Every structure is written in structure tokens, then in C-alpha cells.
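A quick write-up on the structure given underneath.
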Amino acid sequence: MNKSLSDIKAAILDMDGVIWKSHQPLCDLNQLFEEFKRHQIKFLFATNNAMSTVEQYVKKFASMDAIVESWQILTSSIATGYILSKDFPAGGPIHVMGSQALESTLAEYKFTNTDKDPIAVVGGLDPLTSYERLRKASFFIQSGIPFYFTNPDATYPTPEGLCPGAGTFLAALETASGVKAKLAGKPLPYIFEAGLERLKIPAQQTLVIGDRLETDILGGYRAGCKTALVLTGVATRADLESWSPAPDIVVENVMDLFDLVE
Ligand SMILES: [Mg+2]
């Protein structure tokens, strides 16, 4: 296992559980950015959350006095645009059952939301999802139109408990239609592939940093990147014992990564 950062030229970080927990920073963000710069490591952020736009994330960083540029943020909406563009290079009309953020992100990839003759159905988490929207999307999927979904996360944590996540609605549409969706977000490699395209750094020289084994670490591994698990979020040391392949690096928190550099 290579525990050194010496050959790492880029990092792709998950956000929740890595650099903050909801609205509570887990480290000094500016100090983190300074360390990356000092070690000449380019960095960007990748989240499975498709409910917020890139601009909303840039603002969230700003609210914590940290400055990131929009190219440094990747969401599963962007990963969806990335794979849709590979399948439909010219863009086109699609049916979206998801958030406004998903719809506006896909519009940037030349895919416009319609109820008339869509070339694909794209689903994601949206608190406004209704039976009527599930019904409509399900009919389109049954008719044989390619079916995509932002991410499979069954739940997401809130102070009150685990809330139904994108995967809950994915299961509803897959159950109703009998068709499995093509997934865009982690643990698929596409969000990282989209990041590597932006970074222009080879996967082997890129470190994926996350707090979940079954999404961040697995997705990073599938993309061919080095992986680092932080223990400030979901996964614990006990979880590591039953997980294979193991992350390349395990640290208590993200700042500890820089202790690995001589
Ligand atoms: Mg996380």
C-alpha cells in the first residue's frame, strides 16, 4: 500500500462527512486549500447530491469564507449530463422527474425537459415528487425510452433521522416499470471521470477522498484513482474489516493526509 502523497497531482473530495457535516465545517477550509496548493495538488469536489446547483455550492463555500470556482464542483446532475452526452451527443428533449437543479444542469448539456416525445427519462430526488410524476415517468420508461437516474443513495442523514433519498424513488420507478436505470453518480465511476477530464491529470495520480466505502471509495477505485477514507463521516474502522478492496489510505480526518508528506 502506498501511503505517500508524493505522486499525487490531484484530489477529488466528497463534501458531507469529509469537509463539513451539513453546515458545520470539519476543518479550516482555507487551511485545507492552502495545503493542497503548497503540495501542488489540484482539487475539486464531487457529491451525489442532485438537489443543489453548482452555484449553490459555491455560495455554501462562500458562507464559510472559502472561495471555490464553479469548475471545482461536480454533482450527480453533472455526472448525468456527462453520460447522457456520451449517449446523445447532440442533446435533445428528455423527460425529467427530479429537482429544478437537475433540470437546469441538464439544460446546460442541451437536454430540455418535455412531456412530448422524449429521447430519455431522467430521474433524481425531488421533494415535490408526486404520484402523478411517478406515474408519468413510469409510462415513458415502460414504452422503452432509455432510463437514467442521478444516484442510488437510499437515504440521506438529517438531524431527525434518515430521510428517503434518490434511491427510494429509483426503486419506485424500477418496481413500477420493471426496467433498471442507468446510474450516473457514485459508486459508478462517471462523476470521477468527468472530474479527471476537468483536472487533466491521470487517474493513477488522482486521490479520491471520501467518508463512505460503498460510494466514494468504490467509485474512486472503479475510476482507477487512488482512494483515501476519512473517519469523520459514515464509515468506521470496523467497517473496513469487511471491505475489499481496501482504500489506499485511511486517516482520521482530511487534514491528516498532509502528515503523509515528508
Ligand atoms: Mg459523504
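The values are calculated or read from the model by the stated rules, or taken from the named source; none is laboratory data. Fair warning: this is a prediction, and the values are worked out from it, not measured in the lab. Note that each Cβ is placed from the backbone with ideal geometry, even for glycine, and that neighbours are counted across all protein chains shown. In case anyone asks, the SASA skips ligands and DNA or RNA and just uses the protein heavy atoms, side chains included. Shrake-Rupley method; radii C 1.70, N 1.55, O 1.52, S 1.80 Å.
Structure above, values below:
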{"item": "In sequence order, calculated HN-Hα J values of the range 159-165 (Karplus, 6.51, -1.76, 1.60; Hz; x Gly/Pro)", "result": "x, 7, x, 7, 8, x, x"}
{"item": "Base-10 log of normalised Debye intensity for the chain (one unit scatterer per alpha-carbon) at q = 0.07, 0.09, 0.14 Å⁻¹", "result": "-0.24, -0.40, -0.94"}
{"item": "For the range 99-150, accessible area per residue (1.4 Å probe, heavy atoms of protein chains only), Å²", "result": "51 Å²"}
{"item": "Pairs of Lys in the range 40-181 closer than 30 Å at Cα, counting only those 8 or more apart or on different chains", "result": "16"}
{"item": "Segment ALA171-GLN56, extension gain: residue separation times 0.36 nm, minus the distance between their alpha carbons", "result": "38.6 nm"}
{"item": "Projected area, mean over directions - the range 89-183, Cα convex hull, nm²", "result": "6.1 nm²"}
{"item": "Ordering of 61-69, 252-260 by packing [mean C-beta count within 10 Å, highest first]", "result": "252-260, 61-69"}
{"item": "With every protein chain in place, the chain: carbon and sulfur % of accessible area (1.4 Å)", "result": "54 percent"}
{"item": "Principal axis dimensions, the range 143-217 - Cα atoms, whole angstrom, descending", "result": "42, 38, 17"}
{"item": "Size of the range 131-262 as Cα extents on the principal axes (Å, biggest first)", "result": "58, 38, 24"}
{"item": "Crossing angle, helix 29-38 versus the chain [Cα axis fit, 0-90 degrees, rounded to tens]", "result": "70 degrees"}
{"item": "Ellipticity estimate at 222 nm from DSSP helix runs (n ≥ 4, -39,500 (n - 2.57)) divided over the chain, nearest 500", "result": "-9500 deg cm²/dmol"}
